[in-house]
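Bear in mind that the values in this text are calculations on the coordinates, not laboratory data. Just so it is clear, the structure is predicted and the values come from calculations on it, not from any experiment. Don't worry about glycine lacking a Cβ; one is built from the backbone with ideal geometry, like all the others, and counts go over all protein chains shown.
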Amino acid sequence: MEAVDASQPYDRDNIFAKILRGEIPCDKVYEDEFALAFNDIAPQAPVHVLVIPKGEYVSWDDFSAKASDAEVGGFVRAVGIIARELGLVEPGYRLLCNLGADGGQIVPHVHVHLCGGKSLGRMISG
Ligand code: 5GP
């Protein structure tokens with residue numbers, strides 16, 4: 001799959017936009033005013049949850065520059081809540097956000113990967 005150009009305009013037909021609108025099902029883990037979280041369709045760890053803000057932002061760059069303080073704060077709080085609810089704080093977990101070609105972002109709606117459930121090793125391989 002082709003990596004996202006992080007500077008492109010938001011595409012309302014991207015797969016996560018469709019999940020947010022309920023047009024495509026997801027295995028929902030958490031939802032509040034600011035965020036939706038669901039299990040990754042191709043998990044890379046025993047726990048692999050995708051957390052997405054509800055606003056229309058292509059990438060972390062877009063989100064961090066343009067989202068309101070309430071949206072950014074609400075999203076960050078939601079990630080913390082989800083990790084606590086999944087019991088990941090004590091064993092530990094990893095947050096990952098891919099951006100653009102070098103980051104390997106495929107879906108053009110900003111998302112954080114919340115991974116855990118086993119020792120994930122040191123940082124990045126490959
Ligand atoms: P990215 O490389 O953009 O950071 O990661 C996109 C992630 O979305 C991948 O881990 C991929 O498995 C996941 N994904 C892609 N399409 C779907 C889908 O339709 N449903 C779910 N739950 N995950 C998806």
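Applying the set (1) under 14 Å from the mean Cα position of the chain (by Cα); (2) in contact (Cβ under 8 Å) with a residue 24 or more places away in the chain; (3) loosely packed, with under 15 Cβ neighbours inside 10 Å to V79 leaves exactly one unmet item: (3). Among the residues of the stretch 1-35, just one is in a helix (DSSP H, G or I), of a type outside the set (A, V, I, L, M) and either free of Cβ contacts under 8 Å to residues at least 24 places away in the same chain or more than 11 Å from the ligand (Cβ to nearest atom) (or both), namely K18.
Considering each residue of the stretch 33-48 in turn, at least one proves to be of a type in the set (A, V, I, L, M, F, W, C) and more than 14 Å from the chain's Cα centre (by Cα).
Selection within the stretch 33-63: residues that are within 24 Å of S7 (Cβ to Cβ) and of a type outside the set (A, V, I, L, M, F, W, C). The member of this set that is surrounded by the fewest Cβ atoms within 10 Å (Cβ to Cβ) is D61.
Picking from residues in the stretch 113-123 that are surrounded by 13 or more Cβ atoms within 10 Å (Cβ to Cβ) and more than 9 Å from the ligand (Cβ to nearest atom), the one that is farthest from D62 (Cα to Cα) is G117.
In the stretch 64-76, the qualifying residues are those that are crowded, with 17+ Cβ neighbours inside 10 Å and farther than 14 Å from L95 by Cβ, and the one that is nearest to the ligand (Cβ to nearest atom) is A67. From the list A78, A67, the lone residue that is under 21 Å from C115 (Cα atoms) and among the small types (G, A, S) is A78.
In the stretch 36-58, the qualifying residues are those that are among the charged types (D, E, K, R) and more than 13 Å from the ligand (Cβ to nearest atom), and the one that is nearest to L88 (Cα to Cα) is K54.
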